[in-house]
């Protein structure tokens, strides 16, 4: 039996262990909720991660279509990018799959053929890591870009208020004052 067959047979156990490993990266109070709440509307983070890793796992066993991989990877990376994780912490869920697979296939790895095929799967996991890192960096750049725009808008508003106050002190009339209903 080949590695892909073994991975397919052990799919649910491996994906569950992968999901649990990802959940452990969150604070203790969030871990239980992410792991136990099955409603996708009550737990969009857990649901998104689970759907994503299930799709990624299937692509590992198939041809690794880059478009599909990105489709499954993108929502997970977006979630990780807004967390208070370093890049290595945010993306560590991908290489952790190697250890999970090795643990699940420990017995079968005694055969040389299995080791060679496992090497191919691990190379694909490495490729996933690199694709995730690219996406993560784009997400973080977008977050910083949004923050900079917000800071510029705040700074511009402060400068306008300061300049408006300066103009009134110098004698330049400020904006017209609206008073009661009196018309003359």
- Query: Among 94, 49, which is the only one that is in a helix (DSSP H, G or I) and either buried (at least 18 other Cβ atoms within 10 Å of the Cβ) or at pLDDT 95 or above (or both)?
  - Reply: 49
- Message: Taking the conditions exactly as written (free of Cβ contacts under 8 Å to residues at least 12 places away in the same chain and farther than 24 Å from residue 123 by Cβ), does residue 50 satisfy them or not?
- Response: no
- Message: Return the pair list, or none, for Cβ contacts closer than 6 Å from residues in region 114-127 that are closer than 9 Å to residue 98 by Cβ to residues that are at pLDDT 90 or above, at least 6 apart or on different chains.
- Response: 122/98; 125/97; 125/98
- Message: Looking at 111, 104, can you tell me which residue is more than 18 Å from residue 68 (Cβ to Cβ), crowded, with 16+ Cβ neighbours inside 10 Å and modelled with pLDDT under 90?
- Response: 104
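The rows are residues; the columns are (1) within 32 Å of the chain's Cα centre (by Cα); (2) modelled with pLDDT of 85 or more; (3) in a loop (DSSP other than H, G, I, E, B).
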| position | (1), (2), (3) |
| --- | --- |
| 88 | yes, yes, no |
| 98 | yes, yes, no |
| 115 | yes, no, no |
| 141 | yes, yes, no |
| 172 | no, no, yes |
- Query: residue 58 passes all but one of (1) more than 22 Å from residue 140 (Cβ to Cβ); (2) modelled with pLDDT under 90; (3) assigned to a helix (DSSP H, G or I); which number fails?
  - Reply: (2)
- Test residue 127 against the criterion of being modelled with pLDDT of 85 or more and either surrounded by 13 or more Cβ atoms within 10 Å (Cβ to Cβ) or closer than 22 Å to residue 94 by Cα (or both), and give yes or no. yes
- Query: For region 25-39, which residues satisfy the criterion of being loosely packed, with under 13 Cβ neighbours inside 10 Å and not in a helix (DSSP H, G or I)?
  - Reply: 27, 38, 39
- Task: Please identify the pairs in which a residue from region 142-153 that is more than 17 Å from residue 81 (Cβ to Cβ) has its Cβ atom under 9 Å from the Cβ atom of a residue that is assigned to a helix (DSSP H, G or I) and at pLDDT 90 or above, counting only partners at least 6 apart or on another chain.
- Result: none
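The values are calculated or read from the model by the stated rules, or taken from the named source; none is laboratory data. The model shown is predicted, which means the values in this text are computed figures rather than measured ones. A quick note on method: Cβ atoms are made from the backbone with ideal geometry, for glycine too, and the neighbour counts reach across all protein chains shown.
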